1. Which value in deg cm²/dmol, rounded to the nearest 500, describes the helix-derived mean residue ellipticity at 222 nm for the chain, given -39,500 (n - 2.57) per DSSP H run of n ≥ 4 and division by the residue count?
2. Return one number: the angle in degrees, 0 to 90 and rounded to the nearest 10, between the long axis of the Cα atoms of helix 87-97 and the longest principal axis of the Cα atoms of the chain.
3. So how tilted is helix 31-46 from the main axis of the chain? Cα-based, degrees 0 to 90, rounded to 10.
4. What FRET efficiency comes out for residue 73 versus residue 49 if R0 is 25 angstrom and r is the Cβ-Cβ distance? Round to the nearest 0.05.
5. Based only on other Cβ atoms within 10 Å, what is the fewest-to-most ordering of 27, 19?
6. How tilted is helix 10-28 with respect to the longest principal axis of the chain? Cα atoms for both, answer in degrees (0 to 90, nearest 10).
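Just so it is clear, none of the values below were taken in a lab; they were calculated from the coordinates. Only a predicted model underlies this, so the values are computations on that prediction, with no experimental measurement involved. Don't worry about glycine lacking a Cβ; one is built from the backbone with ideal geometry, like all the others, and counts go over all protein chains shown.
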Ligand SMILES: [Zn+2]
């Protein structure tokens, strides 16, 4: 697969790749792979790559406990946003990647 960095959806592609890697880490319960993903994500943010809303997918959800790479599940009083994620998850992912809060546990 070839990714053209000038494509408008290059950022989306980047985070899609991160999600796939996170899903693999969750599947194999591979903590070192998970830590590597976080390292890459932090470095990307530091270089000015925007975190897309669906970037929340690569961390565990504090609302519905969906694991890395899994879609959120509908829960009462917590509507899903248009990316089918709990906004709290996206917010947590962003803060964790920026080092503002401790990293949530990867596998629920
Ligand atoms: Zn959720």
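1. The helix contribution divided over the chain gives -14000 deg cm²/dmol.
2. Once rounded, one gets 50 degrees.
3. Once rounded, the angle reads 60 degrees.
4. Efficiency at R0 = 25 Å is approximately 0.35.
5. 27, 19
6. 50 degrees
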